[in-house]
Amino acid sequence: AGASALDRRETQIGALLDALAREARGFIESAGQKLVIDLAPKLAGATMMLDAGRIRHVFMNLLTNASKYSPRGGTITLSAAPAEENFVRFAVRDDGPGIPVESIAHVFDRFYRAPDQEKSGAGLGLAIAREIVVAHGGSIACLSEPGRGAEFYFLLPLAPTTSGE
């Protein structure tokens, strides 16, 4: 997912979130969960240069995981808000069981699976998501408190970076 391989195009942030929500609502609602979009008003019509296909892959991984780990009746929030230094903070929050404190530092490692994990998966989705976000000049992280859900968020620059490309 090298930066030179990205197909960056001007993408409207509000339209991107709407398209992601339309795609994800099916599997989220079939799991008995609700999807909420929280888009900061000043970003609704804003655009940024990104590879929408690759960013879609990041979001679908995060949304699928949020649904997989959230209870029936749970809420998953898809959000975008301005962040410092001309970045946009995108996030997916769930109200599932959360992630053990000792696992948070490793969730983006290839093949990492939290101990005593009952859900299936190869442990590659978050590592690939990180590679895509970093290729866009951004960063990705996780906030979680056991028993109170998890929030995976990533920061992307409003203008593409040129360093390292």
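Annotations for the structure displayed:
- Which numbered condition Glu84 fails, given (1) under 14 Å from the mean Cα position of the chain (by Cα); (2) free of Cβ contacts under 8 Å to residues at least 40 places away in the same chain: (1)
- Identity of the residue in region 1-35, in a helix (DSSP H, G or I) and of a type in the set (S, T, N, Q), that ends up surrounded by the most Cβ atoms within 10 Å (Cβ to Cβ): Ser30
- Residues that are part of a strand (DSSP E or B), farther than 27 Å from Asp7 by Cβ and either in contact with a helix residue (DSSP H, G or I) (Cβ under 7 Å, 6 or more places away or on another chain) or at pLDDT below 95 (or both), drawn from region 143-165: Leu143, Ser144, Ala150
- No other residue among Asp38, Asp51 is modelled with pLDDT of 95 or more and surrounded by 15 or more Cβ atoms within 10 Å (Cβ to Cβ) apart from Asp51.
- Pairs, first closer than 18 Å to Ile76 by Cβ in region 36-58, second in a helix (DSSP H, G or I), C-beta under 6 Å, six or more apart: Ile37/Leu17; Ile37/Ala21; Leu39/Gly14; Leu39/Leu17; Val58/Ala129; Val58/Ile132
- Checking each residue in region 68-107 for being closer than 17 Å to Glu145 by Cα, touching a helix residue (DSSP H, G or I) at 6+ places or on another chain (Cβ under 8 Å) and surrounded by 19 or more Cβ atoms within 10 Å (Cβ to Cβ) picks out Ile76, Val92, Arg93, Asp94, Gly96, Val107.
The values are calculated or read from the model by the stated rules, or taken from the named source; none is laboratory data. Bear in mind that the values here come from a model prediction, so they are computed numbers and not experimental data. All Cβ positions, glycine included, derive from the backbone under ideal geometry; neighbour counts span all protein chains shown.
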